[in-house]
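Colleague: I'd like to ask you about the structure that follows.
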Amino acid sequence: MHLPFYLPCVVLIKIEGIKANESVLHRIRCTYEGAMGDLVLTNKGIVFLEIKGMLGERRERLHQFNFDEIRDIQTKKKKSGIYTHGIVLNQQSDSLENHSYYYSCEEYKAVLFLAFFERQILLQTAPKEISSTIQSLSTIKRNADLLKVAKTPKMRPYFFAFCLDRIESEILGSLKDRFDINLFELAKSKQIHSLVALLHESDPRRMAKDQVYYTVVDFAGHLIFRGELDGKVTELGRYISSKALARINAPIDTIADFETIFSQLHEKGLLIWAIECPNCFRKIKYPKKGKETTCQSCKTTIHARDVLKKFVDLL
């Protein structure tokens with residue numbers, strides 16, 4: 001079976017701190033010496049953007065590495081916890097002979113970032129060989145034989161590219177033309193579970209289900225970011241297409257009563273016992289009917305339409 005190989009994309013969503021001439025290929029949330037930020041893989045190299053401000057909306061360009069400056073990149077697993085002490089970059093310069101930058105993130109994110117990095121290096125060095133080599137890897141049926149390929153340094157980048165391509169193809173095929181799908185249920189697929197375990201160079205029986213789920217969520221977000229999917233991933237772990245979102249968002253201007261709003265939330269599996277006053281932030285029991293209610297503490301009027309807008313992302 002022929003597997004399409006996805007080439008680098010252009011920036012589809014503007015990220016503060018990323019220059020106009022840089023294409024974003026992948027990004028992960030991580031920390032560096034206590035500072036939270038985004039580690040971004042671009043067509044120019046790797047950038048760490050520190051998140052600034054109470055709302056976390058600003059990004060400050062803290063570290064940046066061109067591809068020819070990167071001497072090594074690997075994952076280092078901590079002895080305790082589920083975190084990996086994360087991405088290691090060794091840079092040599094006139095002022096600093098050798099320095100390592102440790103970015104901490106969840107293990108599955110570190111593995112994903114490493115895989116995307118290896119694939120990008122491959123695209124820069126051997127673009128003509130990629131399709132044919134990946135096609136040859138697709139003929140290997142057993143994961144054990146593919147893992148032997150991963151042990152060969154020269155073939156390791158091709159192994160990562162092959163795994164990424166297979167996972168992207170599988171998730172894209174499962175989500176494209178779908179309106180609403182639970183990603184946790186998708187992560188239960190034996191094929192996807194096996195492919196994620198392969199990317200981690202692990203036995204599927206030892207691959208935790210939550211890591212497979214989080215990987216599926218990340219890939220869905222990545223495909224949306226790249227423009228392959230038209231939709232969004234909600235906080236409840238569902239992929240909802242833009243067409244379905246339009247149906248949900250349209251009633252905001254027409255639905256104005258609490259009864260309809262909370263019945264729709266209930267259909268989506270959300271049981272709401274109380275709402276928060278936007279003025280004094282105290283919890284009040286939501287009304288069963290009507291278009292508005294009054295906070296008993298500060299007497300602020302709360303409109304049903306405003307409550308729906310707060311929950312629309314969860315839908």
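Colleague: Name the one entry in Ile140, Ile171, Ile167, Ile181 that is outside any helix (DSSP H, G or I) and under 19 Å from the mean Cα position of the chain (by Cα).
Modeller: Working: Ile140 fails: under 19 Å from the mean Cα position of the chain (by Cα); Ile171 fails: outside any helix (DSSP H, G or I); Ile167 fails: outside any helix (DSSP H, G or I).
When all the criteria are applied, what remains is Ile181.
Colleague: In region 107-122, which residue that is at pLDDT 90 or above and aromatic (Phe, Trp, Tyr) is farthest from the chain's Cα centre (by Cα)?
Modeller: Among those that are at pLDDT 90 or above and aromatic (Phe, Trp, Tyr), it is Phe117.
Colleague: Given the structure, is Leu172 at pLDDT 90 or above, assigned by TED's automatic domain parsing to the domain that holds Val233, in contact with a Gly (Cβ under 6 Å, 6 or more places away or on another chain) and farther than 18 Å from Pro204 by Cβ? If you could, list the steps in order and put the result at the bottom.
Modeller: On the way: at pLDDT 90 or above: yes; assigned by TED's automatic domain parsing to the domain that holds Val233: yes; in contact with a Gly (Cβ under 6 Å, 6 or more places away or on another chain): no; farther than 18 Å from Pro204 by Cβ: yes.
Spelling it out, it is not the case that Leu172 is at pLDDT 90 or above, assigned by TED's automatic domain parsing to the domain that holds Val233, in contact with a Gly (Cβ under 6 Å, 6 or more places away or on another chain) and farther than 18 Å from Pro204 by Cβ.
Colleague: Please give the number of the condition Ser202 fails out of (1) part of a helix (DSSP H, G or I); (2) surrounded by 13 or more Cβ atoms within 10 Å (Cβ to Cβ); (3) free of Cβ contacts under 8 Å to residues at least 12 places away in the same chain.
Modeller: (1)
Colleague: Collect the residues in region 283-305 that are modelled with pLDDT under 75, exposed (fewer than 13 other Cβ atoms within 10 Å of the Cβ) and not in a strand (DSSP E or B), keeping them in residue-number order.
Modeller: Selection gives Lys288 alone.
Colleague: Of the conditions (1) assigned by TED's automatic domain parsing to the domain that holds Asp165; (2) of a type outside the set (Phe, Trp, Tyr); (3) in contact with a Phe, Trp or Tyr (Cβ under 9 Å, 6 or more places away or on another chain); (4) modelled with pLDDT of 85 or more, Val47 satisfies every one except a single condition; which number is it?
Modeller: It is condition (1) that Val47 fails.
Colleague: So Val217 passes all but one of these: (1) under 21 Å from the mean Cα position of the chain (by Cα); (2) more than 27 Å from Gln120 (Cα to Cα). Which condition number does it fail?
Modeller: If we test Val217 against (1) under 21 Å from the mean Cα position of the chain (by Cα); (2) more than 27 Å from Gln120 (Cα to Cα), just (2) comes out false.
Colleague: Can you report the number of residues in region 223-242 which are in a helix (DSSP H, G or I) and either touching a strand residue (DSSP E or B) at 6+ places or on another chain (Cβ under 8 Å) or touching a residue at least 60 places away in the same chain (Cβ under 8 Å) (or both)?
Modeller: Number of matching residues: 4.
Colleague: Among Gly227, Gly173, Gly231, Gly237, which is the only one that is among the small types (Gly, Ala, Ser) and closer than 18 Å to Arg29 by Cα? Can you show your working first?
Modeller: Details: Gly227 fails: closer than 18 Å to Arg29 by Cα; Gly173 fails: closer than 18 Å to Arg29 by Cα; Gly231 fails: closer than 18 Å to Arg29 by Cα.
Answer to the check: Gly237.
Colleague: A further question follows. Looking at (1) surrounded by fewer than 16 Cβ atoms within 10 Å (Cβ to Cβ); (2) not assigned by TED's automatic domain parsing to the domain that holds Ile73, find the lone condition where Tyr102 falls short.
Modeller: Every condition holds for Tyr102 apart from (2).
Colleague: For the list (1) more than 26 Å from the chain's Cα centre (by Cα); (2) modelled with pLDDT of 85 or more, I need the number of the one condition that Thr125 fails.
Modeller: (2)
Colleague: Then there's this: For region 306-315: of the residues being touching a helix residue (DSSP H, G or I) at 6+ places or on another chain (Cβ under 9 Å) and over 15 Å from Glu259 (Cβ atoms), which is modelled with the highest pLDDT? Break it down stepwise before answering.
Modeller: As a first pass, look at region 306-315 and keep what is touching a helix residue (DSSP H, G or I) at 6+ places or on another chain (Cβ under 9 Å): 307-309, 311-312, 314-315.
Now narrow it down to the ones that are over 15 Å from Glu259 (Cβ atoms): 309, 312, 314-315.
On the way: Lys309: 67, Val312: 59, Leu314: 51, Leu315: 50.
Per the stated criteria, the residue is Lys309.
The values are calculated or read from the model by the stated rules, or taken from the named source; none is laboratory data. Given the structure is predicted, the values throughout are model-derived calculations rather than measurements. No Cβ is skipped: glycine too gets one built from the backbone with ideal geometry, and neighbour counts run over all protein chains shown.
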